Amino acid sequence: MNSDIIDFIFWARRTVEFGFDATLDEMPFSTIERLMTKLNSGVDTFEAAANNNLVKLEWVVTVLTIAMIIALIAQLIYVFNPLQRLITTAIAQLSSEKETARKLKEQAEFASEAKTLFMQNMSHELRTPLNGLFGMLELAIEQEGVIAKDTLIRNAKRSGNQLLRIINEILDISAIENREHTVKNSNFSITQIFDECLSPIAIICDQKHIQLEMDISEAIPENLYGAGNKLRQIINNLLNNAVKYTDHGTISFKAHCQLQQENVLLSIEIADTGIGMTKDQQSVIFSDYSPEDLTKHYNRAGLGLNIVSELTTLMDGELKLHSEYGRGSKFTIIVPFALAKAPLSRNSKSLISIINTTSPIKKSPSLMI
């Protein structure tokens with residue numbers, strides 16, 4: 001091909017310089033055709049090589065693009081993903097702190113409600129022994145006999161002691177909630193406990209014109225061994241609750257027992273014709289002192305009844321409740337005691353025997369007080 005090209009170039013140059021001579025200077029057609037064929041072949045080869053290089057270049061560009069995308073994805077994963085996790089964690093912490101703040105706000109509101117209800121209940125609980133105290137003193141002033149005055153003054157002292165016990169009950173709530181409450185057993189006089197519990201209530205019933213009925217079995221042994229102070233606390237709370245929610249009608253106190261060799265199963269029933277309770281109220285009446293429940297279900301003594309339930313359980317006893325809304329409530333406690341080994345002496349005469357005969361107290365034939 002090189003020689004053909006040289007011949008063609010020589011011929012073309014001579015033609016330009018000397019002019020075209022058809023006889024002498026005509027270049028063979030076969031040489032020109034052969035040259036054109038070879039030139040076309042060269043052009044095709046060059047074009048194919050160029051196309052091949054272009055394809056390779058496009059493939060390189062594609063590979064570089066994919067590599068760049070992979071690099072960007074990796075950057076997102078290793079750089080932005082931790083940042084996203086930090087943001088998510090921060091949002092979760094803020095949500096948790098918001099929920100905690102909401103709960104603390106609710107607890108503060110409940111605490112405020114509990115404070116109000118506590119003061120309402122305590123104002124009544126403290127008034128009960130105070131009324132009994134001043135009632136006894138008034139009766140003592142009106143009495144002429146020295147023995148009667150002495151008995152009334154002693155019962156006034158008992159009301160003062162009851163006031164002290166109520167203050168101690170406030171401390172008992174904390175001990176019960178922390179499961180630190182214990183029962184101390186000792187010998188006690190059941191008659192004395194009944195007298196100390198019923199004497200102040202009798203004065204209040206007289207002031208409210210409520211009939212107080214008592215039925216105390218003579219079969220109950222006088223001297224028992226057990227948690228007498230806790231029994232007194234239970235009876236006081238139930239009686240206070242009855243007189244608090246009874247404006248007319250009757251409050252009854254019944255006490256019976258079952259003798260079991262050296263043990264006594266004491267049963268005490270306290271009923272009233274007061275406002276009673278609904279089924280919903282009864283379901284939560286003995287639960288922990290929750291302001292939410294008290295506000296939602298009822299405005300009733302949540303402190304004393306909670307103590308009654310806890311103390312009855314601590315004494316291995318049983319507490320029952322029957323109530324109808326608008327017709328009254330009846331509480332029954334059944335507590336085991338042992339017989340005391342040594343008899344106890346009475347310090348004072350019963351109040352019931354010297355109360356004015358006009359007092360609306362109905363005595364049963366089996367009354368021991």
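The values are calculated or read from the model by the stated rules, or taken from the named source; none is laboratory data. Computed from a prediction, not measured in an experiment: that's the story for all the values here. Every residue, glycine among them, receives a Cβ derived from its backbone with ideal geometry; neighbour counts consider all protein chains shown.
Some notes on this structure:
This table checks each residue for (1) part of a helix (DSSP H, G or I); (2) at pLDDT below 65.
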| position | (1), (2) |
| --- | --- |
| Ile5 | yes, yes |
| Ala22 | no, yes |
| Val43 | yes, no |
| Phe46 | yes, no |
| Ala50 | yes, no |
| Leu54 | yes, no |
| Met68 | yes, no |
| Ala71 | yes, no |
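- Selection within region 181-218 - assigned to a strand (DSSP E or B) and either more than 40 Å from the chain's Cα centre (by Cα) or in contact (Cβ under 8 Å) with a residue 60 or more places away in the chain (or both): Asn187, Phe188, Ser189, Gln211, Leu212, Glu213, Met214, Asp215, Ile216
- Qualifying residue in region 216-233 (condition: surrounded by fewer than 21 Cβ atoms within 10 Å (Cβ to Cβ) and either acidic (Asp, Glu) or touching a Gly at 6+ places or on another chain (Cβ under 6 Å) (or both)): yes
- Among the residues making up region 269-279, those that are surrounded by 22 or more Cβ atoms within 10 Å (Cβ to Cβ) and assigned to a strand (DSSP E or B) are Ile270, Asp272.
- Test: Leu266 is at pLDDT below 85 and farther than 30 Å from Lys103 by Cα: no
- Residue in region 312-331 that is nearest to Leu231 (Cα to Cα), counting only those that are in contact (Cβ under 8 Å) with a residue 24 or more places away in the chain and within 26 Å of the chain's Cα centre (by Cα): Thr312
- Residue within region 285-304 that is under 39 Å from the mean Cα position of the chain (by Cα), modelled with pLDDT under 85, of a type in the set (Ser, Thr, Tyr) and part of a helix (DSSP H, G or I) present: yes
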